[in-house]
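The values are calculated or read from the model by the stated rules, or taken from the named source; none is laboratory data. A quick note: this is a predicted structure, and the numbers were derived from the prediction, not measured. In case anyone asks, the SASA skips ligands and DNA or RNA and just uses the protein heavy atoms, side chains included. Shrake-Rupley method; radii C 1.70, N 1.55, O 1.52, S 1.80 Å.
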Amino acid sequence: MAAPGAGLGAGKVQEDLHKLKMENINLKGTMEAVDISDLRTAPERTELGLRKCAENYLNTISGQVLPVCSAGNKEVNSKEPPKWALPSGASQKQLVLPRVPVEPVTVQTCSKAAPRVSQGSQQQVEMDIKIMLDPENMENKAGLKHQNDEIRLPLITKKKSAPMCSQKTGKGHTVATLWGFPAFPPVDSPLPLLEEDTPKGALSLTGQRLILPAAKITLQTPPVVSKAAPSQEFPRQHKKSAVGEIISSRLDPENTDTTTFPNSKEAISGTSSSSKGNTAALPSSSSVVSTRKSKPVRTYPAQQLECEGQIPSQTQPPQTPPCQSSQDPRLDWDIVVCHGTVDPRAPGFLALKQHHPLSWGSIVAFLEHAEKLLKDFSVPLATISGKKLARVASDFELDENPPESAILSVIKNQSTVAKILNRPGQSSKGRGGAEMAATKIQRAWRRHRAGKAAARSRRREWASGVIGASWRSWNHMARVKNTLREARHRHLENFCSRAKHLAANWNRIRTSRRTIIHIPSLGYSQRIREHIPDLALQQNMQMGRLCDILDANVDVIYICPLPLSEELLQYYNKLLGLQAAVRSGNPEAMGDLQDRFRILTPEAINSFPQHHMCLATQLKYSPKTIQRIQVLIQSRDAYVVGGVPHADDLAVADMLDVPVLGPGPEVAQLYSTKSGSKRIFASARVPTPPGESDIHSREQLIRALSQLIVDNVEVQRWVLKMNEERGGNGTAYCDVISHLECCHWLQKEWQSHGPEGWSRSQARELALVKISQELPGLLAQHVQPVNEKRFPTWEKFLQTFLTQGGVIEAFPFSSTVTSLTVDLLIEPTGEIRIVSSGDQLHAEGPFRSSGSSIPQRSVDPAVLNSLCWRIGDACRSKGVLGYFSVDFVAFTHPQTMEQQVWATDLDLCYSDQLALTQLLLYVTDGNVDCGSSPLEAPLGSQAVKSQWIQREGTKPPAPVSPRCAVASTQLRHSNLSGTSYNVLLQRCKARGVGFDLQEKQGTVFILYEDQKRHRLGLITIGEDLQGVLLTFARNLFIIHQEISAPNMQGETNFKMAIQDIEAILGVTAENKLKLEEEQPWEADALKE
């Protein structure tokens, strides 16, 4: 059976002959001559057409595209198409493959005749052949398109294979695109393709819009593989007609193998298994028509990949591209990419395809992305490792874009390529780089301009918001300040009016039933309160204020800054209930006075734990406590006795509508400072230490201290005191004279001139210059602050000293110095009374008071009273009211051997010593006459005895006996927290530490709180000072033994207190000996 191509060719020849006859007739009719050579060449053209039709048909049914990439084919490149071709005006654009069924098609190459094409599809087959011969014709390409843009392929009839023929089904890899390439025009001819039709990277049929991506086409590897033939001549033994070879190879009756077409994706990927049999390579059209010449054809990368889709035969090795200069077999796996283009004829590319047929589709897709990346960044040369490429490409799907890191991972010269990719502006050197760069520049400029505008708008909005918020805040703050100013002004006016009312009715109030509201507040400034350790505990050290109920007309409301447990409340109930037992001397006659006193704790103490508020401020923000106080003082006279005056004391008094027995806050802050007290003492004309006040600069300090040293050469130690500090915290001292380099010269000159001539000598001026030069360095090295934890260096002390201001004063130039404190009361009527006095105890140094011995016995009472009256008058003239205390120092002048008393400090507040005195008077039922300074207490046991003797008709004894006491509120021991108060009191009672109600002597404990429990107060009462000091020291030793173990001594100041008492006892014994020697009659009187 003849091949369908032969029948088709015969029919075509008949048509050509018929056309020639018709033309001849027409020519005859027109009387024109006809060239007979056209008739003679018709058979030759027919034979050539038959050969071409057979070749094209075989390529069509095998699913292969006829590559037209060889040179010298005049028939293909000829401008005159054959007579059976389509009109020359038809478009030539792309090569179109015929449609094949989705199912694999089996083609038998047996001896049976090939299937005949139906008469209805003969015209379509003809058009397909024309397009394959001239694929660049745009009209040919357009003629194949249907309305749904599908590709029409010729129908291949599926025949059953003969039973004697064995079929081999070739299986291949499935890819998403088909790799088919048309022939391109010569290099020197203009390109007829548009830019959108130009293939990108490796060309494919889908990229040329010959086959849509959605099309599902199944093809099988053809039995004959076409290969572009090189331009050189074949050997003579291989020279024969190409068409004859094709026909003989495809219509060989001995070849009974059957080839099954696989899926189109597998076939196009180039990874198919060849069927067994004789498979000859199809030479290019240059070997078919060797007598004609053709121009060289431009080869694109994708076209090269398709043209070299099969491994070349051994007789025709592929040409090496210019980019690949090495033919080393070890580099066969490397793929060189020059300027973003892969050479498909490279040995590495072909070897990679041969060794990885199953993943070739993924490799090609990966290479496309690599080519695009390298082209976009204009990378001149990159070497891709075939092994890495095969391994990495298998991890990505065909439609998945691999990241840049994955592409770089398969490149051998990765560092060089990465540097190029990361080079600024490199992306602008690739395809469309200029346009992309211009777009980016414009976009960046617009973004920059818009960003600046937005930032400017945001700044304006922010500025307007800040201005508005600042204005609202300032306006609100101004309103609050005005409100506070008006409120404080109103409080001050009310305070003055109530003070006048209190003064007018004081004589009546102090003798009638009244309520005293005790607020032991430390109203120092905020910067001072922040440095007071345990501020709440320091404010609660005046529990002796409760003893004001000693007056039967007085009820006490005590505001406590700490919550007290039930144990402490019961202790003070029992202690205050001893009043009847103390008066009668009968321990069983204890009363219940809970209705006479109230201990209230403001609820705000838990709301402001870290704000260092004074007690008056906490009470101000405690409305429940305020309401309770209002209920307790309803319909009775009441007044407030505060601590250190504060503005909130007036606010609380205004809330309660009661007067305050004390000075105003401004007066107290002015004269409670060290410099303010100097002004009071100067106004009172009392002796004070040599010194200078109101020091606020370094130069002023050096100048004043130099002048004081020159004027008082006999003073060895100079003391610096800050204005607002209390308790020795802002005090420092320095022994200046002993550290001066000119000390010996200064003393020599001073002694030579004498005290009177020294002030007029020239040596004094010279000494002033020398001292001024030495003082800055001397003070930095030798100044000793009392509170070393807060002021570890001179610079820190000096900074705070100059900020607050302070004074410089001389320390008494004597070996024995006694400090004493006197408490006074300026009543609303202006009357001045001395309510307490005592000699200070210094357990922690000479500038810190830890207790006192009551009453004082170091200064003549008359001298002391005179000084106190003058100071009281000065304070009264300044508007001071209520309780205040004055500190004095007494010493014997080394030259005159006379006692001198200096006034050193003034505190306009209720002192701890006064609270201890109130407790002392309560438990002894005694009274103190500060004019003569005795403390007398009636004896309970003697009173009972006198009553018995009186009934017998005998004379009763003296009803009173002198008493003295040693009291302290600053005792601390860390081991106290490990023992409850009940256990401690029982152990002390077992060791003889207690109070005798009949003798009205012994020891009384003052408990402050039960949370930390590391501080307590102690009062020891006896008949003589020496015995009381010994008892007090013994009590401290017993307490230490009861709460401490041998290996846990704890932190305490008990030992320092005992040492201070021992020093006092030594001085007392020495004074007694001197007194016996000088005035034996007075000593005998004291013994009696």
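Annotations
- Cα Rg, Dmax, the range 702-797, angstrom units: 14.7, 45
- Tensor-based shape of the range 497-634 (alpha-carbon gyration tensor, a/c under 1.5 rounded, otherwise prolate or oblate): oblate
- In the structure shown, the pairs Lys481/Lys878; Lys721/Lys789; Lys387/Lys419; Lys353/Lys412; Lys388/Lys419; Lys574/Lys620 are assessed against 25 Å; a Cα-Cα span above that value is assigned to Lys481/Lys878; Lys574/Lys620.
- Cα gyration tensor shape of the range 413-486, rounded if a/c is under 1.5, else prolate or oblate by comparing a/b with b/c: oblate
- Global geometry of the range 745-822, whether rounded, prolate or oblate, following the gyration tensor of its Cα atoms and the 1.5 cut on a/c: oblate
- Rounded to the nearest 10 square angstrom, Lys678 shows an accessible area of 40 square angstrom against a 1.4 Å probe.
- Given their separation in residues at 0.36 nm each and the Cα-Cα distance between them, Gln707 and Arg479 gain 77.1 nm when the chain is fully extended.
- Percent accessible area from carbon and sulfur atoms, the range 364-505, protein chains only, probe 1.4 Å: 57 percent
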